[in-house]
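The values are calculated or read from the model by the stated rules, or taken from the named source; none is laboratory data. These numbers were taken from a predicted model, which means no experiment stands behind them. Cβ atoms come from the backbone with ideal geometry, glycine included; neighbour counts cover every protein chain shown. Side chains are part of the model used for accessible areas, which takes the heavy atoms of the whole protein and leaves out ligands, DNA and RNA. Shrake-Rupley method; radii C 1.70, N 1.55, O 1.52, S 1.80 Å.
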Amino acid sequence: MAQRQNSNRDPSIELFIKAGHDGEQVGNCPFCQRLFMVLWLKGVKFTVTTVDMRKKPDELKELAPGTNPPFLLYNGTLKTDFIKIEEFLEQTLAPPTYPHLSPLNKESFDVGADIFAKFSAYIKNSPTNTFQEKNLLREFKRLDDYLNSPLPEEIDHNSMQNITVSRRKYLDGNRLTLADCNLLPKLHIIKVAAKKYCDFEIPAQFTGVWRYLNNAYEREEFTQTCPADIEIEKAYMSVAKRR
């Protein structure tokens, strides 16, 4: 269980996420981590309960019958569907008390949309399947190009110096946004699982991707919500064995 604290005016929020193989620690679930990061970045007080899917407690079966994590209790009201939860939190936990997390640029959300699907196809096939690997690398190239391309707000049209390579830390600038909460958990899974089962590493030539990841690993909102590597490896063990 984890807790973040802010002010006494905060609503009552409890986030339920998938537990790891020990039934207690954070499990492998990018959608759970996505909401965990959103709440942490909002700076709101909340509690986190890990749910052991092998022996879901009776009280949780009554609370959210037929529902798998992540789900949320907001002032006693059950919220399901992680996308709807994220939209609700962004609208409800708004300025001036809480920061907006929506990216300024739509492409910041779109650029990594296919990378996890390409990874899933890659890890399900033989490591010697160059077709699937090329598809994954193509998505990394697309992400790298975006991260290295200056955003409109980075370009000073009154300056004599032209910025040709972006220096920003994250997808949409120098602050973490909903786009990062969506993509970073998936990139972490790819980094761990692809190395373990495919001996695949994100190529060093993708300097934008590595700048992005290195900056993200310096943020506790990301690192403290990540599952342990062993959780990711165990989650993909059966997938790798079926190849």
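Ordered by residue, what ³J(HN,Hα) values in Hz, to whole numbers, does segment 112-123 give under the Karplus form 6.51 cos²θ - 1.76 cosθ + 1.60, where θ = phi - 60° and Gly and Pro are x? Each residue's phi maps through the Karplus curve to give x, 4, 9, 5, 6, 5, 5, 5, 4, 5, 5, 6 Hz.
Based on the Cα coordinates of the chain, what is the per residue volume of their convex hull in Å³?
Details: hull volume 32.8 nm³, N = 243.
It comes to 135 Å³ per residue, whole-number rounded.
Amide hydrogen proximity for residue 228: with H placed 1.01 Å from N in the peptide plane, no residue at 5 or more positions away or on another chain lies under 5 Å. Per residue, the chain exposes an accessible area of 52 Å² to a 1.4 Å probe, with every protein chain left in place. Ranking 170, 238, 80 by Cα position along the charge dipole of the chain, where only Lys, Arg, Asp and Glu carry charges on their C-beta atoms, puts 238 farthest toward the positive end.
Charged side chains reduced to their Cβ positions (Lys and Arg at +1, Asp and Glu at -1) give segment 116-243 a dipole of some 660 debye around its Cα centre.
Counting only protein heavy atoms and a 1.4 Å probe, tell me what percentage of the chain's accessible area is made up of carbon and sulfur. Don't jump to the answer; show the numbers that get you there.
Details: 6070 of 12660 Å².
On the chain, the fraction of accessible area on carbon and sulfur atoms equals 48 percent.
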